[in-house]
Amino acid sequence: MIIAIDGPAGSGKTTTAQEVARRLGFLHLDSGALYRAFALAACERGWVGPAGDVPRERIVELAALDVDGEVVQGAIMAVLEGRRLAEEIRTPEVTACASIVSAHPEIREQVNAVLRRLAAQNPTGIVCEGRDMGTAVFPEAELKVYMDAQPEERARRRLLQRGEDVSRESVSRESARLVARDRQDSRRAASPLRKAEDATVVDTTRLSFEEQVAQIVEAARRRPGSA
Ligand code: DC
């Protein structure tokens with residue numbers, strides 16, 4: 001069984017998908033981590049221009065790098081040229097660059113190939129999350145969820161997660177950053193962020209973490225032949 005969770009930045013996809021996967025005994029696939037691996041490679045090689053752009057010829061070189069996913073304790077860990085990646089892919093610089101490199105079809109093809117291979121190797125079930133899981137990568141997914149929340153709430157959660165202050169100014173600054181990234185992710189030509197027609201919308205603005213997880217786990221268990 002494949003559960004595809006898509007939605008904008010900070011909607012709670014990663015933590016929710018992790019917990020849903022744990023409860024169902026499925027593998028958690030965080031597609032963003034693979035885009036972040038390519039972004040980290042671009043940052044480390046000094047290929048990011050002053051406006052945050054990565055030149056076209058560098059994209060071709062980037063796409064040729066060995067980015068893979070390794071299963072570690074029920075989730076995939078991004079691996080760049082044999083190096084397992086952790087928190088270094090979560091910096092603001094890498095986050096901004098991931099949105100840029102993910103707009104390129106060459107990079108998307110590499111990520112999608114890794115995701116499909118990992119899914120095929122895990123017949124029990126997977127919970128994958130990103131921007132185009134239900135629309136492009138796994139259109140055959142048995143359950144599709146589109147998670148959303150108001151930008152200010154998403155910004156507040158992001159700041160709390162990072163242990164930063166949640167004053168009105170910080171929330172409004174972070175919210176503007178999230179909205180800008182969503183715009184970039186939804187306006188690109190290659191697999192833009194959008195809700196799959198057959199996806200169920202879960203607006204998490206007023207839901208607790210437990211409620212979000214429970215809604216998805218129950219929906220999964222209602223599917224015929226499910227866990
Ligand atoms: O989910 P995340 O914040 O880790 O994703 C980082 C970037 O990668 C995000 O700005 C958009 C891109 N991304 C994508 O284009 N498609 C996906 N399936 C997952 C992420």
Those residues of the stretch 169-227 which are among the β-branched types (Val, Ile, Thr) and part of a loop (DSSP other than H, G, I, E, B), in sequence order: THR204, THR205
VAL137 vs. criteria under 13 Å from ALA196 (Cα atoms), surrounded by 19 or more Cβ atoms within 10 Å (Cβ to Cβ) and not small (Gly, Ala, Ser): yes
Enumeration of residues in the stretch 113-134 that are over 20 Å from PRO8 (Cβ atoms), under 17 Å from the mean Cα position of the chain (by Cα) and open to solvent by less than 20 Å² (accessible area, probe 1.4 Å): VAL114, LEU118, ALA119, ILE126
Within the stretch 9-37, tally of residues that are open to solvent by less than 10 Å² (accessible area, probe 1.4 Å), touching a strand residue (DSSP E or B) at 6+ places or on another chain (Cβ under 6 Å) and in a helix (DSSP H, G or I): 7
Set LEU65, LEU40: member being modelled with pLDDT of 95 or more, surrounded by 20 or more Cβ atoms within 10 Å (Cβ to Cβ) and over 25 Å from ALA149 (Cβ atoms): LEU40
Where VAL54 falls short, out of the listed (1) part of a helix (DSSP H, G or I); (2) open to solvent by less than 40 Å² (accessible area, probe 1.4 Å); (3) over 26 Å from ALA17 (Cα atoms): (1)
Search result, residues across the stretch 159-168 that are part of a helix (DSSP H, G or I) and either of a type in the set (Phe, Trp, Tyr) or at pLDDT below 90 (or both): GLN161
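The values are calculated or read from the model by the stated rules, or taken from the named source; none is laboratory data. Because the structure is a prediction, the values reported are computed rather than measured. Please note: Cβ atoms are built from the backbone with ideal geometry, for glycine as well, and neighbour counts cover all protein chains shown. To get the accessible areas, we keep the full protein, side chains included, count just its heavy atoms, and leave off ligands, DNA and RNA. Shrake-Rupley method; radii C 1.70, N 1.55, O 1.52, S 1.80 Å.
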